[in-house]
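The block underneath contains the structure these notes are about, expressed in structure tokens.
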Amino acid sequence: MNLLDGKKAAQAIKDELKIDVAQLVSEGKKIPHLVAVLMGNDGASETYVAAKVKACDEVGFKSTLFRFTKNEPANRLFEKIHELNHDPDVDGILVQLPLPGHIDEKQIIDAIDPDKDVDGFHPVSVGKMVQGLPSFVAATPLGIMLLIKHYNIETKGKHAVVVGRSNIVGRPISILLNNNTNPGNCTVTVCHSKTTDIQSICLQADIIIAAIGKAKFITADMVKEGAVVIDVGITRVPDDSKKRGYRLQGDVDFENVAPKCSWITPVPGGVGPMTIAALLQNTFQSCTEKN
Ligand code: NAP
């Protein structure tokens, strides 16, 4: 079993970005600027946004965080997005999801200028991605593709089974793996909560992408010998031995599945760091394409 170490792969991407930013600075060019918008004070969202801001600092990007209270009316958020869309210094706009219940997330995402949609959630970005055109690809599926590329995992002609069909992970990664690209060119099966007999489908998989959000859902009897297993899931499981009272658990029963795999991601330290590296890469791309 080999580990798909997302921390190492993400560091390699960040090291390259650092060099690229230094190059921009030496040429007197604009450096990338990512703006994050955070509404309310959900603990997980705070953690994710803090990690993204820290990653910007690490590679030399400019970053700005705008905070809104959880009861702020939707029009205040729209005004801010409109302002950011028209600010030439801003390369990427990220609205941390989920948003409070009174805000229509789809309307907010649709309001972001597709040229600054570094999260890759805008319908224009998704449409381009589906057609195999250059676009911003959502950070988590892009991160998975970068991880596969970093470790030179052969995907051509392989059967990939994606468990989960959300717009932010399952569906886009199923399309990317199926595209005529390298990595890509997989035959892809997508499973969801209404799929019958997921076990027998997973047993046919050369590559399993687990993006469900159910701790230890993928068990050893669902995985064939030599499979590549990529675990996207993050569930907070109560754990009194931890200072914070919980630990992060993936969708895969790592301990029992790992011995059967050729490659597997840990949780944490797998897809999570790659998601942030992919967001940085999108922001760099946005900056250099515009300037
Ligand atoms: P989501 O929107 O809740 O989607 C979950 C998907 O799993 C749905 O398509 C659902 O099917 C399917 N599903 C649920 N129960 C199932 C079951 N028993 N059998 C088969 N399929 C089932 O979640 P998400 O946003 O995609 O996130 C998935 C997980 O990844 C979460 O743990 C999340 O925290 C994590 N995540 C991690 C990162 C990272 O950077 N590491 C980024 C994003 C998300 P239906 O469509 O039929 O409901």
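The values are calculated or read from the model by the stated rules, or taken from the named source; none is laboratory data. Not measured: the values here are computed from a predicted model. All Cβ positions, even for glycine, are placed from backbone atoms using ideal geometry, and neighbour counts span all protein chains on display. Areas reflect the complete protein model, heavy atoms only, side chains present, ligands, DNA and RNA absent. Shrake-Rupley method; radii C 1.70, N 1.55, O 1.52, S 1.80 Å.
Observations on the structure shown:
- Contour excess over end-to-end distance, with Cα ends at H86 and N180 and 0.36 nm allotted per residue: 30.3 nm
- Estimated distance in nm for a label pair at N167 and T219, the labels positioned 7 Å out from Cα along Cα-to-Cβ: 3.4
- Amide H within-cut-off set for K224, under 5 Å, with H built and near neighbours excluded: A205
- Applying 0.36 nm per residue to the separation of D197 and R244 and subtracting their alpha-carbon distance, the gain on full extension is 13.2 nm.
- Relative contact order (%) - segment 193-291, alpha-carbon pairs under 8 angstrom, separation at least six: 26
- In percent, rounded to a whole number, the relative contact order of the chain is 22, using alpha-carbon pairs under 8 Å and six or more apart.
- Of all DSSP beta bridges in segment 139-271, antiparallel share, percent nearest 5: 20
- In summary, the aspartates and glutamates within cross-link reach of K29, defined as a Cα separation below 13 angstrom excluding same-chain residues under 8 places away, comprise D20, D89, E289.
- Ligands, DNA and RNA are left out, and with a 1.4 angstrom probe the accessible area of the chain is 48 Å² per residue.
- Computed log10 I(q)/I(0) for segment 139-271 at 0.16, 0.20 Å⁻¹: -0.74, -1.15, from the Debye equation with unit scatterers placed on every C-alpha and solvent omitted.
- Förster radius 35 Å - calculated FRET efficiency between T187 and F78, Cβ distance, rounded to 0.05: 0.25
- Relative contact order of segment 139-271, taken over Cα pairs closer than 8 Å and 6 or more residues apart, is 22 percent.
- Size descriptors for the chain, from the alpha-carbon set: Rg then Dmax equal 19.1, 58 Å.
- Potential extension, A44-N71 segment - 0.36 nm per residue separation minus Cα distance: 7.9 nm
- Karplus (6.51, -1.76, 1.60) ³J(HN,Hα), θ = phi - 60°, over segment 225-239, in Hz, Gly and Pro reported as x: 4, x, 5, 9, 10, 10, 9, 8, x, 9, 10, 7, 9, x, 8
- Net charge of Cβ neighbours under 15 Å - reference I264; Lys, Arg +1; Asp, Glu -1: -2
- Kirkwood-Stokes translational diffusion coefficient of segment 28-115, alpha-carbon pairs, 20 °C, 1.002 mPa s, µm²/s: 158
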